[in-house]
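**Student:** Quick one: the structure is below, and I'll ask about it shortly.
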Amino acid sequence: MRRITCLLLVAAALLARPARLAAQASATTAATATVLQALTVTATGDLLFGTIAFNATKTIAPAAGGTFQVRGEPGMPVSVTFTLPATLAHPTLPLSAWTGLVNTTPSSNSAVAFAPSAVPQTLSAGSGRLYLWLGATLTALSTPSGTYTAPVTITVVYN
Amino acid sequence: MRRSLSLAAALLAVAAGTARAQGTTGSINATASVVAALSVTGTNLAFGNIAPTSFKTIAPASGGTFTVTGANSQPVSVTFGLPANLGAASVAIGSWTGLSNTANSVVGAAALTPSASAQTLSLSGTGNLYVWIGATVTTTAAPVASYTAPVTMTVVYN
């Protein structure tokens, strides 16, 4: 009798297992993005130093310098970076002291100063347009006579 | 008579069985470790604004996050459900990157590649695990709109 009773007790224990706590959990978040109007950048004027003599320095203020026009989604901030040449394609023609102005209208009057750089800067175009002016200082060392040129690049992305 | 004999035989069998149960016994332990339930919460991986044909990368330190709580110092297996796009083929997402740490800081966090394949991580001494994820969105002539897709992390005790 005792043996049968023991078997029954074991069977009861196996059937009455305690409930298991949650050993698994998950969470769902979201990856989001907003596609805006395409950005366009137009180079509207070169940075012209004109004629420079040997061993001379010439500075062009941004209001008289190179220009870019940016168009994109109105009211959206953009990040702007510049690739600025160290020289005018010759080691004796170093470029330095870059300066800039930015405005949302095509006038350098009341434009805001900024420092062109490879470091991203956030600018905002309430009307969807930005106008930028660039200036710099060119130093001619013992440079052979000739015409020299180097590219100045602006890159604009939405923030 | 037959019935009496059968009853007697049954009683004798029970008695014999009773005599055998009085022999030597041994026992083992049935054991289990009950640990705290796991929970996971998350925050979005937001790419913000992007042009119709462009790409944008969000590093994990600036990306979405998952916070896991559970039993102290327990190892866990982690898997991810990752979308291939944000609801449209023209807004693809990929190049997933991640970080994990037992402290709520990316400083000192270990690199992690989010994947559908299980990876083993460990909860901290106080039962916490922090995960950051990043990725790259590539748009190809995508229509102007807002896009979204779910990113899921599942955690189980090892």
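Every number in this text was worked out from the coordinates using simple rules, so none of it is lab data. On a predicted model such as this, the values are computed, not experimentally measured, just so you know. Virtual Cβ from ideal backbone geometry, glycine too; neighbours counted across all protein chains shown.
**Student:** Per residue of A:96-103, how many C-beta atoms from partner chains lie within 10 Å of its own C-beta, taken as a mean? Intermediate values should be presented prior to the final figure.
**Tutor:** Working: counts 0, 0, 0, 0, 0, 0, 0, 0.
Averaged over the peptide's residues, the number is 0.
**Student:** I'd like the Kirkwood hydrodynamic radius of chain A, using the inverse of the mean 1/r over distinct C-alpha pairs, in Å. Could you put the intermediate results ahead of the total?
**Tutor:** On the way: mean 1/r = 0.0497 Å⁻¹.
So the Kirkwood estimate lands at 20.1 Å.
**Student:** Between residue B:120 and residue A:148, what is the label-to-label distance in nm when each label sits 7 Å out along the Cα-to-Cβ direction?
**Tutor:** Result: 6.3 nm between the two label points.
**Student:** With a 10 Å Cβ neighbour count serving as the proxy for reagent exposure, in which order, fewest first, do A:82, B:66, A:54, B:55 appear? All intermediate terms of the calculation are to be shown ahead of the outcome.
**Tutor:** Working: A:82 20, B:66 26, A:54 11, B:55 15.
Listed from fewest to most nearby Cβ atoms, that is A:54, B:55, A:82, B:66.
**Student:** A follow-up question, please. For region A:94-105, in order, what is each residue's ³J(HN,Hα) by Karplus, 6.51 cos²θ - 1.76 cosθ + 1.60 with θ = phi - 60°, in whole Hz (x at glycine and Pro)?
**Tutor:** Result, ordered by residue: x, 10, 7, 6, 5, 9, x, 9, 9, 8, 9, 10 Hz.
**Student:** Ok, one more. Using only helices, what value at 222 nm comes out for chain A when you add -39,500 (n - 2.57) per DSSP H run of length 4 or more and divide by the total residues, to the nearest 500 deg cm²/dmol? Could you put the intermediate results ahead of the total?
**Tutor:** Numbers: 1 runs with 14 residues, N = 159.
The helix-only estimate for chain A comes to -3000 deg cm²/dmol at 222 nm.
**Student:** Can you run the Rg to Rh ratio on region B:48-158? Use alpha carbon positions and the Kirkwood inverse-distance Rh. Can you show the working numbers first?
**Tutor:** Values: Rg = 15.4 Å, Rh = 14.8 Å.
Taking Rh as the inverse mean 1/r over Cα pairs, Rg/Rh reads 1.04.
**Student:** Based only on other Cβ atoms within 10 Å, what is the fewest-to-most ordering of B:56, A:58?
**Tutor:** Details: B:56 18, A:58 14.
Lowest to highest Cβ neighbour count: A:58, B:56.
**Student:** Can you tell me, using C-alpha contacts under 8 Å and at least 6 residues apart, the relative contact order of region A:53-159 as a whole percent? Present the calculation step by step, with values, prior to reporting the outcome.
**Tutor:** Working: 243 pairs, mean separation 49.4, N = 107.
Value for region A:53-159: 46 percent.
**Student:** On a 0 to 90 degree scale, rounded to 10, what angle separates helix A:2-15 from the longest Cα axis of chain A?
**Tutor:** On a 0 to 90 degree scale, this one is about 20.
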